[in-house]
Amino acid sequence: MAKQISTFERRKERLDRGIKARTEGLYAISSWREVSYLLAPRAGLIIILFLLPLVVPGLYWQRVLALAGVYALLALSFDFLAERVGLVCIGGAFMIGVGGYISGALNYYLMLPVFLTIPIGTLGGALICTLLWVPCLPLRGIYFAVVTFMFPFLTQSIILAGNLFEGTEGLSPIKGFPNTWIAVYLIVILILLSIFGLRRLCGEDIGVVFAGVKDNDQAVFASGINVTRVKIYALYIASLIGCFAGTFVAHFSGFVGVSLFAVDFSIMPIAACIMGGPGTMAGPVLGAFILAPLSELLRGFGQLRVVLYCLVLVGFILFKPEGLLSWATRKYHQIEHWVKV
Amino acid sequence: MHRFIKEVTSVEVFIYGVVNGMTFVLWAVGFSFVYGISRLPNFAHGALYVVTGFITWSFINSAGLPHWLSIILSLIIVSFAGVAIYQFVMIRVRGMPISEIIVSFAIALAILEGLRLQGIGGFKGFIGPGYVLPPFVNGVVETRWVTIDLQRLLIIAAGLLLLGFMWLFTHYHKVGLALRAMAQNERAALMLGINSDRMANIALGIGSALAGLSAIAVMPLGNVNCESGYSVLTNAIAVCVIGGLGSWVGTILAALILGLATTTMSALGGTMWNSVLVFGLIILILVVKPSGLFGQQKELEERV
Amino acid sequence: MGEQKEAIIKVRNLSKSFGGVKALNNVSFDLLEGEVFGIIGPNGSGKTTLVNTITGFVKPESGEVFFKNIKLTGLPHYKIADLGVTRTFQVVRPFLSLRSFKNLIVPLWSSRARRFAGSRGGDRDAVAIDLLEEVGFERDAYVPYKLASALPLGYLKRLELARCLALRPEVIICDEVFSGLSMSEIASMVPLIERLRTRGVTLMMVEHRLRELFSVADKVIVMNFGEKLAEGVPEQVMQDEKVRRAYLGEEIKL
């Protein structure tokens, strides 16, 4: 065998240059190595999400994780509605409250078990939320946002003034989950299902219609489609996620009260969404899992945590509206590695 | 039932309702001016209101300054605060209404919750009912039907004066007209040499000063606290939504309606239902007639 | 001897004011099936308001519009499109954030398109690309895959027409399709209009470019200040005194 001095040149090449063709998320790739470049970060994030409950120290932090999961679900539903359908709905607290109260009341008054109250609370709650928001749908963007923001306050006032559902005391105790592990993993699975489900939905033809509604709804009307009906579909789907989060909070904390309508639940998902990367679905989840533990850490400082995530929100809107995940994805694709020529 | 009718039609309730309505006017003028004239939803309005109260209180009590001086100083400070909010924050999200709302509300939250902080660097938070601003005038007026304190009468006068002044300002003064021009058609205004950002700065400065003014007039009736920041904002929004933007007549009427309604509600024994009333009315009007009862700046029909 | 063509759209006494301005004043005419019908007139004569009223984007004060004996006035705009009366917009409204062929997925998703879908209904992407090719998007140059925001005006106007075609319309109301186009772009638009007519689509075209319009139109009405001034064959209408005065003004005797 002749001894050849193989001379080859090396040059720096970006990670995705090796990929033969890339358009809108469709990749034509030629090797397992390139597949791994794309899959690794995504799989990595999913694995981290699964391992988190195992590695956090102690029950307290598992509870924090569960709460972060709730915020993640809310952020997902906000992101879906705002970025994919063009409906800015700041009513996260309303969804939590409705879902929580329905499943809590079912458990408290009718003694229904958890595995029944959660589905009923989710489906029924979503139905109620959608029905109540339908009259607001013809409103232009800003007014719709303001109205949905007012809903939780209105409901809170009605419950307190009318002393419904035990008024200020709330319903308690509500039966909880058999153990924290089940609860935490339930929410992790729901988060993953929602991310993948919503992404798939937006890839289908109806997702294109959603994008059309966001872009230019007069043209969608002129195409023979009733935009209000399309918005109702989107609202229902988003409310399903939100109300499930509500039922989760009710059973996880064992208590149902007007605190479910706290403005926290409306503002935090927006902060998480904008910080994490609006439009990417996974970004808001990331944002929630960063902001929730952060605000727990600062709980000792009292109201400082509210100040903090408001400042974070403002900072990101002003300076980095693309969000963390989009920024990280961009930077990841700009990583260079040596490649044989 | 008998009692209901008696309460609802009593003169006392009516007069207090009118006073209440004027309070709503004071609260709403600042917000309506900034949003109706300059199209900037300044959700930090409530926060600026509360901040004025606390600054004035600090000047009077901690610094020992005379009443009138504290007022003037705090009004100046809060004007600059409003301008700062625009110049550093809102200017970057100008044109995207949702972001404007979110950003200004986040600042409001930060301010209001920040004022409640305790123990950071020796800053003792403003918690508790102990902060009271002295009223301008002491004394009461006794009429045949009802006893009413002078401060409340002052509020009515102040409200009317303020509205009259704002109307004159926006109709006859160069700057006021420029602001109205900007609201109606920003491009045309720009072409005429009206500097959009400078106008917005002025608008926000005036709007914040108005918020401060309302604080100084109204707060002596109760006390200075952080919770009122949210309710003032809600009430201001309610007046603007119900009355419609761009219409001073609408503002007065909506404020009177709200004032009378809430006073009647309280008289009937349900102060708790007041917020239900306010929120319910906001939602109702937004759904049924989004441009408000007297709105002039209607959402133009989509020009296809 | 050709059979008497049916009036597919009947407009009767349509009136509409905005504030104090009377945009439409008692306008009536018939649109016969299969014909190309032009609507001309100076700016502000109410042409676009007429289109908006017929297609349901604006509610008229009085008067009625019938499509094959179905009353259109009072129906919402998406319902009218669903019945088969489609329109293009004077200022084009594509979905700028989507690719060109994805733009057509939206009308193809509508219930009308689904009713007429046939066996290929499932694969909307393929149907969309075929549709674009029909209106002149060169498939080999991958034009259908371009983002709509990257298309020049000529293609955008054709995209508007394709959007209407996706609904298998009976009537297309074109609002100034030729405006803003260069001569070569217009030259390729006119055959497209002809092609549409041979497919059996009835066209109502609001236009400013009279020469091109007259080369395709069967009948024309002239509007001015919201009123119908004249109706008839193009050459005949241009001879009309009133029409001349509206476009060219009167002689001033000094």
Legend entry - Residue satisfying condition, being within 14 Å of another protein chain (Cβ to nearest Cβ), more than 30 Å from B:Ala178 (Cα to Cα) and surrounded by fewer than 24 Cβ atoms within 10 Å (Cβ to Cβ), within set B:Ile55, B:Ile101, B:Ile91, B:Ile111: B:Ile111
Inset, instruction - Output the helices (runs of 4 or more DSSP H) that fall wholly within region A:247-341 and possess 1 or more residues being within 14 Å of chain B (Cβ to nearest Cβ), among the aromatic types (Phe, Trp, Tyr) and under 30 Å from A:Glu13 (Cα atoms), or say none. - result: A:304-319
Legend entry - Which listed residue is touching a residue at least 24 places away in the same chain (Cβ under 8 Å), more than 22 Å from B:Leu260 (Cβ to Cβ) and polar (S, T, N, Q), from B:Asn195, B:Asn235, B:Asn223, B:Asn185: B:Asn223
Legend entry - Every pair of residues 6+ apart whose Cβ atoms lie under 6 Å, when the first sits in region C:90-113 and is within 13 Å of A:Ala219 (Cα to Cα) while the second is part of a strand (DSSP E or B) and not basic (Lys, Arg): C:Gln90/C:Asp175
Legend entry - Selection from region A:168-187 of residues that are without any contact (Cβ under 8 Å) to a residue 40 or more places away in the chain and not in a helix (DSSP H, G or I): A:Pro178, A:Asn179
Inset, instruction - Please state which of the following conditions A:Asp215 fails to meet, knowing it meets all the rest: (1) within 14 Å of chain C (Cβ to nearest Cβ); (2) surrounded by fewer than 23 Cβ atoms within 10 Å (Cβ to Cβ); (3) touching a His at 6+ places or on another chain (Cβ under 9 Å). - result: (3)
Inset, instruction - Filter the helices (runs of 4 or more DSSP H) completely within region C:47-157 down to those with at least 2 residues that are surrounded by fewer than 16 Cβ atoms within 10 Å (Cβ to Cβ) and of a type outside the set (S, T, N, Q). - result: C:111-115, C:124-134
Inset, instruction - Just give me the residues in region B:192-217 being outside any helix (DSSP H, G or I) and among the hydrophobic types (A, V, I, L, M, F, W, C), in sequence order. - result: B:Leu192, B:Ile194
Inset, instruction - Kindly indicate the residue of region A:188-224 that is in contact (Cβ under 8 Å) with a residue 60 or more places away in the chain and either small (Gly, Ala, Ser) or in contact with a Cys (Cβ under 7 Å, 6 or more places away or on another chain) (or both) and also farthest from A:Gly121 (Cα to Cα) among those meeting that condition. - result: A:Ala211
Inset, instruction - Would you please name the residue that is farthest from A:Tyr143 (Cα to Cα), looking only at residues in region B:276-292 that are surrounded by fewer than 21 Cβ atoms within 10 Å (Cβ to Cβ) and modelled with pLDDT under 75? - result: B:Ser291
Inset, instruction - Residues being touching a Pro at 6+ places or on another chain (Cβ under 9 Å) and free of Cβ contacts under 8 Å to residues at least 24 places away in the same chain: count how many of those fall in region A:225-266. - result: 2
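Quick grid of which residues meet (1) crowded, with 17+ Cβ neighbours inside 10 Å; (2) in contact (Cβ under 8 Å) with a residue 60 or more places away in the chain; (3) part of a helix (DSSP H, G or I); (4) of a type outside the set (Phe, Trp, Tyr):
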| residue | (1), (2), (3), (4) |
| --- | --- |
| A:Leu87 | yes, yes, no, yes |
| A:Ala93 | yes, yes, yes, yes |
| A:Gly104 | yes, yes, yes, yes |
| A:Asn107 | yes, yes, yes, yes |
| A:Val134 | no, yes, yes, yes |
| A:Pro138 | no, yes, no, yes |
| A:Phe144 | yes, no, yes, no |
| A:Phe149 | yes, yes, yes, no |
| A:Leu154 | yes, no, yes, yes |
Legend entry - Qualifying position, being surrounded by fewer than 19 Cβ atoms within 10 Å (Cβ to Cβ), closer than 14 Å to C:Ile39 by Cα and among the β-branched types (Val, Ile, Thr), among C:Val233, C:Val237, C:Val222, C:Val206: C:Val233
Legend entry - Failed item, numbered, when A:Glu166 is tested on (1) crowded, with 17+ Cβ neighbours inside 10 Å; (2) within 26 Å of A:Ala262 (Cβ to Cβ): (1)
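The values are calculated or read from the model by the stated rules, or taken from the named source; none is laboratory data. The shown structure was predicted, so the numbers you read here are calculated from the model rather than taken from an experiment. Cβ coordinates were reconstructed from backbone atoms using ideal geometry, including for glycine residues, and neighbour counts include every protein chain displayed.
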